[in-house]
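Participant: Following this message is one structure expressed as structure tokens.
Readers should treat all values here as calculations from the given coordinates under stated rules, not as data from a laboratory. If you're wondering where the values come from, they're calculated on a predicted model, not measured in any experiment. Positions of Cβ are backbone-derived with ideal geometry, glycine not excepted, and every protein chain shown enters the neighbour counts.
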Amino acid sequence: MTPTARGRQSTATIFFSLAAAAAVFSVLLGGAEAGHDPSDCSVAQTAFAECISYVGGLEDELPPNCCRALADIAGLARTARQRRAVCGCLLSEMLVAGELDAGRAEGLPAACGQQGARPFIPTGPGFDCSRIH
């Protein structure tokens with residue numbers, strides 16, 4: 001394994017550990033406040049973890065499980081209130097993950113053929129989930 005590959009693997013391990021910690025923290029503190037079932041928040045964050053390596057720039061190719069995960073997340077967000085809550089859950093995970101590619105985040109639903117998911121996938125740290133309808 002080259003030093004670059006080892007560095008990427010180490011970065012990915014740290015990244016996913018932080019994402020898991022954020023999911024637990026968000027479920028404990030944020031899920032209930034959002035008026036959404038905290039278990040749905042956990043499910044959304046766990047599912048979105050399939051996409052984080054791509055959105056974070058660690059992988060050049062869209063992971064095969066990412067699109068299925070995105071469809072699962074969309075199933076949790078049928079009403080505007082649910083979309084806002086799921087958005088908040090994903091945003092908290094993205095903030096902990098660090099720097100993300102906004103273009104990849106925005107293009108994720110199109111890449112998966114799921115245009116309806118676009119409105120509640122945060123595209124950056126300043127994304128305002130409260131404006132989702």
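Participant: Do any trypsin sites (Lys or Arg not before Pro) in segment 70-130 lie in a loop, going by DSSP, with at most 11 other beta-carbon atoms within 10 Å of their beta carbon, and if so which?
Facilitator: Of the trypsin sites (Lys or Arg not before Pro), the ones in loops of segment 70-130 whose Cβ has at most 11 other Cβ atoms within 10 Å are ARG78.
Participant: Now, a different point. Give the relative contact order (percent, whole number) for segment 50-92; include only Cα pairs under 8 Å separated by 6+ residues.
Facilitator: Taking the mean separation of contacting Cα pairs over the length of segment 50-92, I get 26 percent.
Participant: Among 106-113, 46-53, how do they line up from the highest to the lowest mean number of other beta-carbon atoms within 10 Å?
Facilitator: The densest-packed peptide leads the list: 46-53, 106-113.
Participant: Sorted from largest down, give the three principal axis spans of the alpha carbons of segment 85-131, whole angstrom values.
Facilitator: 27, 22, 13
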